[in-house]
Amino acid sequence: MTQPASKPRKLAYKVTNWRDYNESLVRRGDITFWFDDAVIDAWEHENDRKKVGRPFLYSDVAVETLLMIRELFRLPYRQTEGFGRALAKLMQAEVAIPDYTSLQKRAAKLGVLIDLRATTGPIEVVVDSTGLKVYGEGEWKVKKHGVGKRRTWRKVHLAVDPATHTIVAQVVTGADTHDGDAVEPLLEQVEAEVQTFYGDGAYDQWKVRNYLQGESIHQVIPPRKNAKIKQHGNASAEPLERDECLRQIRRDGKKAWKESIGYHRRSLAETAMFRFKTNFGDRLKNRTLPNQATEVALRCKLLNVFITFGMPLFAWG
């Protein structure tokens, strides 16, 4: 009697540097890293620029540190003030902690630099967007009773360097803003030279493609199903990248086109979105757009700091 053939063992990714990666996860909660001696030394504002009204007491470093702790531990403003007071007392740091109203006002105008790397050469970027809820019904109530009127979202657009997984640019807009409208503001934030742009079909707009072509950025964007070749038989004109993509897709098929250009790298933007929501949730705590923009920027900076601690290395097993 013949034995039934055994099913092939399903392969899965395994973390090969678990000891180091585990230590990096532990370091994320080490408060002495975020509230260290360098931060304490730069706590007071220098007030080297003239301004109308009362001089600042706290430096941007002090405000940003407390706001980063707020995002890291998901605290409201009042609890952030109390947490800062207790932290300064425990660490015997003779610094005053700004009250919660000062934190909220300073956050609206705080400029946060999210890219922590030094520019070393041209980079590629993968771009995508997601929605974050400001207020409104939860998913359970929506499923049971439908969507109510008081359900407001913001749209977060991210540009990610696929080589390092770092977020190099971010933009917060209203929920009705099209993905293509955020491309130029995103790329204007990137200090490094952008060599290649990866985006999904939502970015297949001529205003996006014309901007990328004007900046000499290679476009990896799938044309839409009803896309048509724009230039026919004009040998003197520079060939359009979209037309060349269409010709290759018609000749080899869309799957072969994606494999030949490495379109799968675009999924790293979705991975960044997953990390963003896993670490900080899918809601925004602030209600005004300037504060929401700072909130998102701080979350992106925290994710980039997490990468400096260490990333998991995978292998099939």
Residue separation times 0.36 nm, minus the C-alpha to C-alpha distance between ASN226 and LEU25: what's the value?
-> 67.7 nm
Using the structure shown, list the pairs from LYS155/LYS285; LYS105/LYS285; LYS207/LYS230; LYS133/LYS301; LYS155/LYS225; LYS155/LYS301 with a Cα-Cα distance above 23 Å, or answer none.
-> LYS155/LYS225
Per the rule of 0.36 nm per residue minus the C-alpha distance, extending LYS254 to ALA38 adds in nm 72.5 nm
Return the FRET efficiency for the residue pair TRP18, HIS165: r is the Cβ-Cβ distance, R0 is 25 Å, and the value is rounded to the nearest 0.05.
-> 0.85
GNM of the chain, Cα pairs under 10 angstrom: of LYS89, LYS109, LYS225, the biggest fluctuation goes to LYS225
Would you please report the Å³ per residue occupied by the convex hull of the alpha carbon atoms in segment 210-273?
-> 117 Å³
Could you work out which residue, out of THR16, THR164, THR130, moves most in a Gaussian network model of the chain, that is, has the largest mean-square fluctuation with Cα springs under 10 Å?
-> THR16
Helix-derived mean residue ellipticity, 222 nm - over the chain, DSSP H n ≥ 4, -39500 (n - 2.57), to 500 | -12500 deg cm²/dmol
Tell me the label-point distance for the pair LYS109, ALA192, using the 7 Å Cα-to-Cβ offset, in nm and rounded to one decimal.
-> 3.3 nm
The value for the chain (convex hull of the alpha-carbon atoms, volume per residue, Å³) is 251 Å³
For all pairs of alpha-carbon atoms in segment 13-110, what percent lies in each bin of width 10 Å, listed from the first bin to the last filled one?
-> 14, 43, 25, 12, 5, 1
If you place +1 on the Cβ of every Lys and Arg and -1 on the Cβ of every Asp and Glu, how big does the dipole about the Cα centre of the chain come out, in debye to the nearest 20?
-> 1900 debye
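Compute the relative contact order of segment 123-272 as a whole-number percentage, counting only Cα pairs closer than 8 Å that sit 6 or more residues apart in sequence.
Values: 222 pairs, mean separation 35.4, N = 150.
Reported as a whole number, the value is 24 percent.
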Per residue Cα convex hull volume in Å³ - calculated over segment 123-272 = 144 Å³
Rounded to whole angstrom, the alpha-carbon centroid of segment 172-238 lies from that of segment 72-114 at a distance of 40 Å
Among the helices of the chain (complete DSSP H runs), which have Cα atoms covering no less than 27 Å along the helix axis and a Kyte-Doolittle mean of at least 0.5?
-> 289-309
Based on the Cβ-Cβ distance from HIS264 to ARG287, what FRET efficiency comes out when R0 is 30 Å, to the nearest 0.05?
-> 0.20
Determine the relative contact order of the chain: mean sequence separation of Cα pairs under 8 Å and six or more apart, normalised by residue count, in whole percent.
-> 25 percent
Where labels lie 7 Å past Cα in the beta-carbon direction, separation of ALA93 and ASP176 in nm | 4.4 nm
Would you look at the GNM of the chain, springs on alpha carbons closer than 10 Å, and say which of ASP252, ASP161, ASP99 moves the most?
-> ASP252
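Rule-based calculations on the coordinates, nothing more; no lab input. Predicted model only: the values in this text are computed from it and were never measured. With ideal geometry, Cβ positions are generated from the backbone for all residues, glycine too; neighbour counts draw on all protein chains shown.
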